[in-house]
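Engineer: Take a look at the following structure, please.
The values are calculated or read from the model by the stated rules, or taken from the named source; none is laboratory data. Bear in mind the structure is a predicted one, so any value in this text is a computation, not a measurement. Counting neighbours? That spans all protein chains shown, and the Cβs are built from the backbone with ideal geometry, glycine included.
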Amino acid sequence: MTRRERLTLHCVAAVVTLGVLAPLITPGYALSYDMVFVPHQPLRWELIAPSSGLPRAVPQDAVVSVLSLIAPGWLLQRVALAGAMYGAALGAGRLVPSRRLLTRVVAAIGYAWTPFLAERLLLGQWGLLLAYAALPWLVAAAIGVRAQRRGALPRLVLAAAISAITPTGGFIALVVTALLVARRQAPRTTLAAIGAVALLNLPWLASAALTAAGGTSDPDGVAAFAARGENWSGPLGALAGTGGIWNAQTTPDSRGSALVPVVTLVLLVLAVLGFGDLRRRWDPGAGVRLAILAAGGFVVAMLGTLPLTAEALAWAVSAIPGVGLLRDGQKFLYVYALLLAVCTALGVERLAARVAEPRARLVLVAAGLLPIALVPDFAFGGAGALRPVSYPADWDRVAAQIAGAPGEVLTLPFSEYRNYSWNRGRTVFDPAPRYLPAAVLADDTLVVGNLVLEGEDPRAARVRDLLAAGEPVSQVGTRWVLVQHEAGASVPTGALDGLRLVHDGQFLDLYTNPTATADQTRQSGRRWVIGAVDLMAVALVIAAIWQLRRSPTAW
């Protein structure tokens, strides 16, 4: 690409990013479902590797905690979200094998402005969005490693490191690397690439192996997290258009249009038309291998929607540790989303080649604008859904009081998600575990519609039993009990008996427990193992950066 073409792609990525994240120009924190950023997230072992829960946010929370030492949370949130949007658009535009700039622009917009990205952004899964953005760069690097191009391996490591910020992203990065890099004639290169990506997955794998929580999950979660139809085409049509998330509250209203399945069918036809060009222009077999990966991800996304496969998956998640990662199968759709964007862009280019200029250019421009026209309510933070707010001053006061006498905190009402008035009533994960400078015992039960999915933390189960029996929570032995007002639930009568109120605020009450017990858990061995694994992963990333600085190559 020429310098002008590269600059154009950067401009397109910037415009798309600004179009989606414009509300974040204002100060504050956009809090939505799983997306919780706080002013300064403390660096605690429970965030690095939960001792009694599954490592769903490992190493994501640890990365944020480390970066919080040098940057405030509001800045980290904007960098993460802007990086996801910008990186997705730029990566897809650079990946598509075409000499025509407008074709690259079609791929860039087609990958960055998707129902998948919109739905996961509104659900607050910013770590998964970073993995989504890293995928085009990972694929390009994997193809380069297979072709033994200079600098490809360290680029692969960096892209995989971004992907591995969340377990799903790390797992997908490992599978993509294994299939795209594998080459019988170069066993050392193959093993080096796969081994490096496997090492980057060790932080969450080690945490999962050493946690006190069981590795199995509630089988009812399969039905709760199954892909959902968004219009008359049902779940299959929704997935074909990269949508179908289980949470209806995070689905853009435009996805319910009767025209969406028709346009999706047109895009699929164009993608089939462009797949032949992808196979011819890429290294031998790379296009087919990526198609196999995309098909595999699509099948995983469909597992929870079909009667026989749903039953089999429900049995597997309840009997086999780790299979719960597949419950929310729609997450695995983003390899398909990348293939669809790249092949559709090539298909449009092939269609445009049949007409004379300037009509050919108009065809490509129209194709580039089509994703925005299909999901117009993705703009401006999902039609205003992502609007920054400020934490009440109560949070700082309570955090300071706990910091003066550190000890475990029990947060009430005992529910995983909150609906605060100061957050405009939008559902958000309880901020206490990330805001407070102490270990926080919180509920891990998830309510999805009418389904209640049991968590894995045995201590949280004990709290639920005490509350159900009307017993005081002081028996749990935590030093502090935090009561959050306007959190969407109430605290049972008698639960606070025996506690002493030390902070009475508008939004938060803090109680101290005179009968608190010291934490007798011995975790030194566990922490040494996890710390060593984390350091190895960090060392690998530093080595990759150092190698690129010594031998700079074009991305």
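Engineer: Kindly evaluate Ala213 against the criterion of being assigned by TED's automatic domain parsing to the domain that holds Ala301, among the aliphatic types (A, V, I, L, M), more than 22 Å from Leu338 (Cα to Cα) and in contact with a helix residue (DSSP H, G or I) (Cβ under 8 Å, 6 or more places away or on another chain).
Structural biologist: Spelling it out, Ala213 is indeed assigned by TED's automatic domain parsing to the domain that holds Ala301, among the aliphatic types (A, V, I, L, M), more than 22 Å from Leu338 (Cα to Cα) and in contact with a helix residue (DSSP H, G or I) (Cβ under 8 Å, 6 or more places away or on another chain).
Engineer: Got a sec? Which helices (runs of 4 or more DSSP H) wholly within the range 24-98 have at least 1 residues that are in contact with a Leu (Cβ under 7 Å, 6 or more places away or on another chain) and not polar (S, T, N, Q)?
Structural biologist: 60-67, 73-95
Engineer: Whether any residue in the range 53-69 is of a type in the set (Ser, Thr, Tyr), touching a residue at least 60 places away in the same chain (Cβ under 8 Å) and either surrounded by fewer than 17 Cβ atoms within 10 Å (Cβ to Cβ) or in contact with a helix residue (DSSP H, G or I) (Cβ under 8 Å, 6 or more places away or on another chain) (or both) is what I want to check.
Structural biologist: no
Engineer: Give the range 267-294 a look and list any residue that's surrounded by fewer than 17 Cβ atoms within 10 Å (Cβ to Cβ), touching a Leu at 6+ places or on another chain (Cβ under 9 Å) and of a type in the set (A, V, I, L, M), or say none.
Structural biologist: Those that are surrounded by fewer than 17 Cβ atoms within 10 Å (Cβ to Cβ), touching a Leu at 6+ places or on another chain (Cβ under 9 Å) and of a type in the set (A, V, I, L, M): Leu268, Ile292.
Engineer: While we're looking at this one, here's another question. When residues of the range 323-335 are filtered for being of a type outside the set (Val, Ile, Thr), touching a Leu at 6+ places or on another chain (Cβ under 8 Å), part of a helix (DSSP H, G or I) and in contact (Cβ under 8 Å) with a residue 60 or more places away in the chain, how many remain?
Structural biologist: Summing the residues that are of a type outside the set (Val, Ile, Thr), touching a Leu at 6+ places or on another chain (Cβ under 8 Å), part of a helix (DSSP H, G or I) and in contact (Cβ under 8 Å) with a residue 60 or more places away in the chain in the range 323-335 gives 7.
Engineer: Scan the range 483-509 and report the pairs whose first residue is under 21 Å from Leu466 (Cβ atoms) and whose second residue is among the small types (Gly, Ala, Ser) and surrounded by 20 or more Cβ atoms within 10 Å (Cβ to Cβ), with Cβ atoms within less than 8 Å and a gap of 6+ or a chain change.
Structural biologist: Final answer for the pair search is Gln484/Ala432; Asp497/Ser474; Gly498/Ser474; Leu499/Ser474.
Engineer: Kindly indicate the residue of the range 495-530 that is small (Gly, Ala, Ser) and either surrounded by 15 or more Cβ atoms within 10 Å (Cβ to Cβ) or part of a loop (DSSP other than H, G, I, E, B) (or both) and also modelled with the lowest pLDDT among those meeting that condition.
Structural biologist: Filtering first and then ranking leaves Ala518.
Engineer: Still on this structure: Every residue in the range 316-351 that is hydroxyl-bearing (Ser, Thr, Tyr) and closer than 14 Å to Thr168 by Cβ, please.
Structural biologist: Across the range 316-351, the qualifying residue is only Tyr334.
Engineer: While we're on this one: Could you tell me which of the residues Thr103, Thr168, Thr114 is within 19 Å of the chain's Cα centre (by Cα) and either modelled with pLDDT under 95 or farther than 28 Å from Leu47 by Cβ (or both)?
Structural biologist: Being within 19 Å of the chain's Cα centre (by Cα) and either modelled with pLDDT under 95 or farther than 28 Å from Leu47 by Cβ (or both) holds for just one of Thr103, Thr168, Thr114, which is Thr114.
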